[in-house]
1. Among the residues of the range 171-185, is there at least one that is without any contact (Cβ under 8 Å) to a residue 12 or more places away in the chain, outside any strand (DSSP E or B), more than 20 Å from residue 47 (Cα to Cα) and not assigned by TED's automatic domain parsing to the domain that holds residue 105?
2. Could you check, for the range 93-102, whether at least one of its residues is at pLDDT 95 or above and more than 17 Å from the chain's Cα centre (by Cα)?
3. Residues of the range 15-34 being part of a loop (DSSP other than H, G, I, E, B) and either surrounded by 15 or more Cβ atoms within 10 Å (Cβ to Cβ) or under 20 Å from the mean Cα position of the chain (by Cα) (or both), which ones?
4. Given the condition closer than 16 Å to residue 74 by Cα and not aliphatic (A, V, I, L, M), answer yes or no: does some residue in the range 101-113 qualify?
5. Considering only the range 194-211, state which residues are under 30 Å from residue 98 (Cβ atoms) and either assigned to a helix (DSSP H, G or I) or modelled with pLDDT of 95 or more (or both).
6. Confirm whether residue 74 is within 14 Å of the chain's Cα centre (by Cα) and either among the acidic types (Asp, Glu) or at pLDDT 95 or above (or both).
7. Just wondering, is there one or more residues in the range 206-229 that are surrounded by 17 or more Cβ atoms within 10 Å (Cβ to Cβ), closer than 27 Å to residue 62 by Cβ, hydroxyl-bearing (Ser, Thr, Tyr) and not assigned by TED's automatic domain parsing to the domain that holds residue 47?
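The values are calculated or read from the model by the stated rules, or taken from the named source; none is laboratory data. Computed from a predicted model, the values in this text were never measured in an experiment. Using ideal geometry, Cβ is built from the backbone for each residue, glycine included, and neighbour counts are taken over all protein chains shown.
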Amino acid sequence: MSSLGPLVLFTDFGLAGPYVGQVKAAIHRVAPHAVVLDLCHDLAPFAPRPAAYLLAALLPYLPVGACVVAVVDPGVGTARRGLVLEGSGMRLIGPDNGLLAVAAQRLDQPCWHALPPPQEALSLSFQGRDWFAPAAARLQTGRELALQALGAHPPEGSDWPPDWACVIYIDRYGNAMTGLRADTLPVNSVLEVAGRRLVGGRTFADVPVGEAFWYANSCGLVEIAVNQGQAARMLDLEVGTPITVRSSRR
């Protein structure tokens with residue numbers, strides 16, 4: 001692994017309040033010159049599975065050598081493990097709750113390790129700051145960290161399918177990303193969601209203003225949108241809303 005890449009934060013902490021800033025401060029205590037990038041901080045709270053599909057879709061757009069600190073961790077402070085995943089020239093660190101599981105399916109030669117417990121005092125309610133972020137900073141700067149074998153238990157989420165027919169993220173425009181890769185769907189597929197049938201388009205202007213449709217978004221996922229409107233509001237969508245895929249418009 002290269003020790004020159006940036007540290008990339010992917011959390012449900014939100015930008016309001018002190019949490020993201022504290023994570024960055026913890027990184028800079030270990031590695032004062034580290035480059036830290038904010039990938040996403042408005043993931044659905046307490047929901048690692050939808051975040052896992054979004055993280056996997058975003059990985060191809062990260063620089064070589066990046067290390068992702070991923071924290072969506074409703075089990076914080078419990079006996080669940082911390083994990084390190086390496087592959088495709090990058091590294092991911094986070095809790096063993098499925099958050100890294102879909103990424104492992106997309107990386108070349110994925111390799112898992114268990115993260116050793118921190119040597120310093122640890123807050124049981126903020127392990128992103130006190131455990132994952134410092135460990136990532138140490139690894140990215142080439143410092144020793146006694147990574148451990150996983151043992152007999154595979155990571156949580158190892159049996160999840162590569163695609164998930166659910167809403168996984170809603171952006172500020174009300175567009176709803178799904179856990180489906182667009183290149184797995186025939187172009188004439190129809191989505192059924194919230195009692196509506198949606199046909200596909202290339203981009204927003206392919207449908208009249210106010211009409212809902214689906215398209216392949218900028219990170220390769222099937223996304224539900226409304227031209228100049230709020231799909232989440234119009235269709236009553238939220239993270240976890242299921243979607244049915246039909247093979248044609250008939």
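1. The first filter runs over the range 171-185 and keeps only residues without any contact (Cβ under 8 Å) to a residue 12 or more places away in the chain, leaving 171-172.
Imposing the further condition that a residue be outside any strand (DSSP E or B) reduces the set to 171-172.
Keeping just the survivors that are more than 20 Å from residue 47 (Cα to Cα) gives none.
Within the range 171-185 (the criterion being without any contact (Cβ under 8 Å) to a residue 12 or more places away in the chain, outside any strand (DSSP E or B), more than 20 Å from residue 47 (Cα to Cα) and not assigned by TED's automatic domain parsing to the domain that holds residue 105), the answer is no, since none of the residues qualifies.
2. Start the filter on the range 93-102 by keeping residues that are at pLDDT 95 or above, which leaves 93-102.
Imposing the further condition that a residue be more than 17 Å from the chain's Cα centre (by Cα) reduces the set to none.
No - not one qualifying residue is present in the range 93-102.
3. So the first thing to find is which residues in the range 15-34 are part of a loop (DSSP other than H, G, I, E, B), and the list is 15-18, 31-34.
Those that are part of a loop (DSSP other than H, G, I, E, B) and either surrounded by 15 or more Cβ atoms within 10 Å (Cβ to Cβ) or under 20 Å from the mean Cα position of the chain (by Cα) (or both): 15, 16, 31, 34.
4. no
5. Start the filter on the range 194-211 by keeping residues that are under 30 Å from residue 98 (Cβ atoms), which leaves 194-196, 198, 200.
Of everything in the range 194-211, those that are under 30 Å from residue 98 (Cβ atoms) and either assigned to a helix (DSSP H, G or I) or modelled with pLDDT of 95 or more (or both) turn out to be 198, 200.
6. Working: within 14 Å of the chain's Cα centre (by Cα): no; either among the acidic types (Asp, Glu) or at pLDDT 95 or above (or both): yes.
No; evaluated as a whole, the condition is false for this residue.
7. Yes; the residues of the range 206-229 include at least one that is surrounded by 17 or more Cβ atoms within 10 Å (Cβ to Cβ), closer than 27 Å to residue 62 by Cβ, hydroxyl-bearing (Ser, Thr, Tyr) and not assigned by TED's automatic domain parsing to the domain that holds residue 47.
Table: residues versus (1) assigned by TED's automatic domain parsing to the domain that holds residue 40; (2) at pLDDT below 95; (3) under 23 Å from residue 21 (Cβ atoms).
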| residue | (1), (2), (3) |
| --- | --- |
| 108 | yes, no, no |
| 116 | yes, yes, no |
| 135 | yes, no, yes |
| 145 | no, yes, no |
